[in-house]
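The values are calculated or read from the model by the stated rules, or taken from the named source; none is laboratory data. What you see is a predicted model; the values in this text were computed from it and never measured. Here the Cβ positions follow ideal geometry from the backbone for every residue, glycine too, while neighbour counts run over all protein chains shown. Note: accessible area is taken over every heavy atom of the protein model, side chains too, but ligands, DNA and RNA are not part of it. Shrake-Rupley method; radii C 1.70, N 1.55, O 1.52, S 1.80 Å.
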Amino acid sequence: MSPLNQTTAQDEIEVAVFGPGLGEAILIHCGNGQWICVDCAADDGVCWPLQYLQQMGLDPNECVRLIVATHWHADHVNRLSELLSQCSRAQFVCSAALRADEFKQIVARFSYKETGAARSPLAEVLKSFELLATKKRNRDASYKAPIFASAHHILDNFTAHGRPITVMALSPSAQDVLNALEAFAEYFVPIEQPVTGLSPIAQNHASVVVSVQIGQEVLLLLGGDLQKTSSHLTGWNAVIASTLRPQELSAFFKVPHHGSTNAQSDDVWQRMLVPSVHAAVTQFVGSGLPTRQQQQWLCSKSPFVFATGLPSNSNIRRRREVEKTIRESTRKFASRRLPRRPAVVRFRKTSQDGAWRVETFGEARRLT
Amino acid sequence: MDAPETFNFAENEPEVQWANARRTVVLPMSKRAEAEQPLPGGTTQRGQQTGTAKQLSVHPLEMEPSGNFQQKWSTQRSHVPGKGQHVVPTAEERFWLLNRWQGQVLTVGSDSFEAQLFDPGQPAVIEYAEFAKSELPPDALMLLRPGAMFYWMIGYRDRGSRQRTRESVIWMRRTGRMDAAAFDAALGHVEDIWRAIESPQSNYSAG
């Protein structure tokens, strides 16, 4: 196995999936040193995508051309503003739902300092937008207006190593955006009432799903946190039903929403992915995702599903009085350990051999 | 060694500060509880203990409500034959912290709620718990909603120098009220930023 900092060849396609346990980030090398970053994850004060690129001797400011924040949840925007500031030439993309007045109101309500703004994902979103606004006001030559993406929006179109690259948003659908606005309105708490945070596991309907077409050879499907719904107008049903999306089958799949049951769609695996697709799932330690049952479901879909780590219980030894009080005060209690760094699954392929070469680092592993 | 610390359950939200140092407190030597009885109002009495001093280590806290830690000593005058009156410090009601978490509510059910917990002394671990709603006092129940943050503390409460109980205390954070002027200012700031980036060159697509 090559070291984590082994550089990518110019003609090589790479998908690196980072999963520090409370978030995820994906870096895609399209060729010729041109990278796309989807979401941002950090651990112990380190922004993983930035560190990965820097360890390979790359300048993020030069090589990252597109940054997509699939949605505003904490596990997807951790240190997003740092990533944006270090990749000042990159085009920033976020969900069209974030343009709504309802979203601005919850940002104003919940990024207020006394609501725990230091750890609020909305404060991170606000910081990222402040960064962009400052660049705009300063007439910074590198400023690019953000894309508020919805389904079928072409996010980028370029050529790398002679291959045409097309990046397209497959979601949110128009109905997803409307539903998100309704949800934002429900989150708003009257200003005279105390409120200290937003649900960290609220619905993910407005998440951006990204499709990356690299030449004629490879189609990548990055599922964000999009969930399956009962409506044909929303979630994965809307993506599958679309006739405007690329109709080829994807050779790589980032499993949505940490493999949770509410994001499982048989139709996605049957109609959008090649048989025995290479796939990656990131764990979410807080909710213990993916569970054993969810892992088995993923294994039934493909023998090449890899996880950045799996939930594992931690045996913390506390004072006996504390342990006893925990037992007496709770109905359920579990301690789960965050993975040791690094937790990365790396997929590489060249156009010559055509097969994915998969490497796992840290606690990342293939699901069995 | 740091001074002994107590937690004062004031109505006001504590100031939150970062603290990295490991704390050492002096606690009386514990004895096995002889009686267990429930206490109303968000605490559960686990036992009663007395004894001599013993050193305990308390985990460092990431988000520490330091403003509520106070030494609460009163003075009592006593007469010592031949030496007249002198001042003897006696402890008033104090809470000796054994373990503390910062929690965030995930879901609220009919008679329980689920939360994820962060123990600042265990940075590589995330914990999950389901609590009965009866662990909360009535005014805290009104604050219970997904996303709400709270502190969970386990410790000993001394009432005077003769009674000690082991308690589990959930303290819902009470911040987040805004007056109209503060909200208008915050919203104005947000709208200014969005307006700046949503210029004619913005690439918004309606889908």
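Summary of computed values
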{"read-out": "Tally, over the range A:157-201, of residues that are of a type in the set (D, E, K, R) and surrounded by 20 or more Cβ atoms within 10 Å (Cβ to Cβ)", "value": "1"}
{"read-out": "Residue within the range A:341-361 that is open to solvent by less than 40 Å² (accessible area, probe 1.4 Å) and acidic (Asp, Glu) present", "value": "yes"}
{"read-out": "Condition met for residue A:25 (at pLDDT 95 or above and aliphatic (A, V, I, L, M))", "value": "yes"}
{"read-out": "Number of the exception - residue A:204 against (1) open to solvent by less than 60 Å² (accessible area, probe 1.4 Å); (2) in contact with a Ser or Thr (Cβ under 8 Å, 6 or more places away or on another chain); (3) polar (S, T, N, Q)", "value": "(2)"}
{"read-out": "Residue in the range A:40-60 that is in a strand (DSSP E or B), touching a Cys at 6+ places or on another chain (Cβ under 8 Å), farther than 28 Å from residue A:177 by Cα and open to solvent by 10 Å² or more (accessible area, probe 1.4 Å) present", "value": "no"}
{"read-out": "Unmet criterion (only one of (1) at pLDDT below 95; (2) out of contact with any Gly (no Cβ under 7 Å at 6 or more places or on another chain)) for residue B:148", "value": "(2)"}
{"read-out": "Some residue of the range B:151-159 being among the aliphatic types (A, V, I, L, M), in contact (Cβ under 8 Å) with a residue 40 or more places away in the chain and at the interface with another protein chain (Cβ under 9 Å from one of its Cβ atoms)", "value": "yes"}
{"read-out": "Qualifying positions in the range A:136-152 - at pLDDT 95 or above and over 18 Å from the mean Cα position of the chain (by Cα)", "value": "A:152"}
{"read-out": "Count of the range A:230-244 residues which are buried (at least 20 other Cβ atoms within 10 Å of the Cβ) and part of a loop (DSSP other than H, G, I, E, B)", "value": "1"}
{"read-out": "Options A:284, A:253, A:304; residue that is closer than 19 Å to residue A:221 by Cα, aromatic (Phe, Trp, Tyr), buried (at least 16 other Cβ atoms within 10 Å of the Cβ) and touching a residue at least 60 places away in the same chain (Cβ under 8 Å)", "value": "A:304"}
{"read-out": "Entirely in the range A:254-368, the helices (runs of 4 or more DSSP H) that have 2 or more residues that are touching a strand residue (DSSP E or B) at 6+ places or on another chain (Cβ under 9 Å) and more than 10 Å from chain B (Cβ to nearest Cβ)", "value": "A:266-271, A:292-301"}
{"read-out": "Hey, residue A:342 under 26 Å from residue B:119 (Cα atoms), touching a helix residue (DSSP H, G or I) at 6+ places or on another chain (Cβ under 7 Å) and not aromatic (Phe, Trp, Tyr) or not", "value": "no"}
{"read-out": "Residue check for residue B:178: part of a loop (DSSP other than H, G, I, E, B) and aliphatic (A, V, I, L, M)", "value": "yes"}
{"read-out": "Flag if residue A:125 is among the β-branched types (Val, Ile, Thr), buried (at least 17 other Cβ atoms within 10 Å of the Cβ) and within 30 Å of residue B:172 (Cα to Cα)", "value": "yes"}
{"read-out": "Selection status of residue A:336, under 18 Å from the mean Cα position of the chain (by Cα), open to solvent by less than 50 Å² (accessible area, probe 1.4 Å), charged (D, E, K, R) and at negative phi", "value": "no"}
{"read-out": "Boolean, residue A:198 is farther than 21 Å from residue A:25 by Cβ and not in a loop (DSSP other than H, G, I, E, B)", "value": "no"}
